[in-house]
Amino acid sequence: MTPGDIFVCHSPGWGGRLIGLGERLRRLDGHFTHAGVLVGSDGSTVEAEARGVVRSNLSAHPGAVVLKCPAGVDRDAVVSFALAQVGDRYDFDALILLGIDCLLPTNFHDTDRGVFFCSELAATALAAGGWKSLKPPSATYPADLYKELQPLAT
Ligand SMILES: [Ca+2]
């Protein structure tokens, strides 16, 4: 793993369950319900969790899959963006909006770009490095990252 890579994993908490539900309603695989950014070669991570954006380690997530930072994306910019968000609150509003979005036929997604839920943080960090994703970061689920990025060969 290299700083700037992304990881996805299964999260058993209620936030993860809600994200998994959203994924399944969008006909995505609902297994991966958490995501974060690798910021150190020792497995250090930055993740948006319910308690806020925190530093953690990949070892806290058994079964996590590391996804390669896409070619051409500036890894340093990805890492600096992620580190700059540490201490921010979690974007609970976005989860509620994603819930409404699942129930209504409209394309009504989170517009609060200043605070993040897990995969929104990872997608926005990649975008800060120049990544062009298929979906806006505020509508990106962990399953989208898994679909769009290349898993690291282990
Ligand atoms: Ca947001």
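Only one of (1) at pLDDT below 95; (2) among the β-branched types (Val, Ile, Thr); (3) surrounded by 15 or more Cβ atoms within 10 Å (Cβ to Cβ) fails for Ile100. Which number is that?
(3)
How many of the residues making up the stretch 19-30 are in a helix (DSSP H, G or I) and buried (at least 19 other Cβ atoms within 10 Å of the Cβ)?
The total comes to 4.
Please determine whether any residue of the stretch 140-147 is more than 16 Å from the ligand (Cβ to nearest atom), at pLDDT 80 or above and touching a helix residue (DSSP H, G or I) at 6+ places or on another chain (Cβ under 7 Å).
Initially, the stretch 140-147 is screened for residues more than 16 Å from the ligand (Cβ to nearest atom), giving 143, 146-147.
Cutting the leftovers down to at pLDDT 80 or above gives us 143, 146-147.
Pick out the ones that are also touching a helix residue (DSSP H, G or I) at 6+ places or on another chain (Cβ under 7 Å) and you get 143.
Yes, because at least one residue in the stretch 140-147 is more than 16 Å from the ligand (Cβ to nearest atom), at pLDDT 80 or above and touching a helix residue (DSSP H, G or I) at 6+ places or on another chain (Cβ under 7 Å).
Gly87: at pLDDT 90 or above and either polar (S, T, N, Q) or on the phi > 0 side of the Ramachandran plot (or both), yes or no?
Working: at pLDDT 90 or above: yes; either polar (S, T, N, Q) or on the phi > 0 side of the Ramachandran plot (or both): yes.
So Gly87 passes the test.
The values are calculated or read from the model by the stated rules, or taken from the named source; none is laboratory data. Since this is a predicted model, take the numbers as computed values, not measurements. Please note: Cβ atoms are built from the backbone with ideal geometry, for glycine as well, and neighbour counts cover all protein chains shown.
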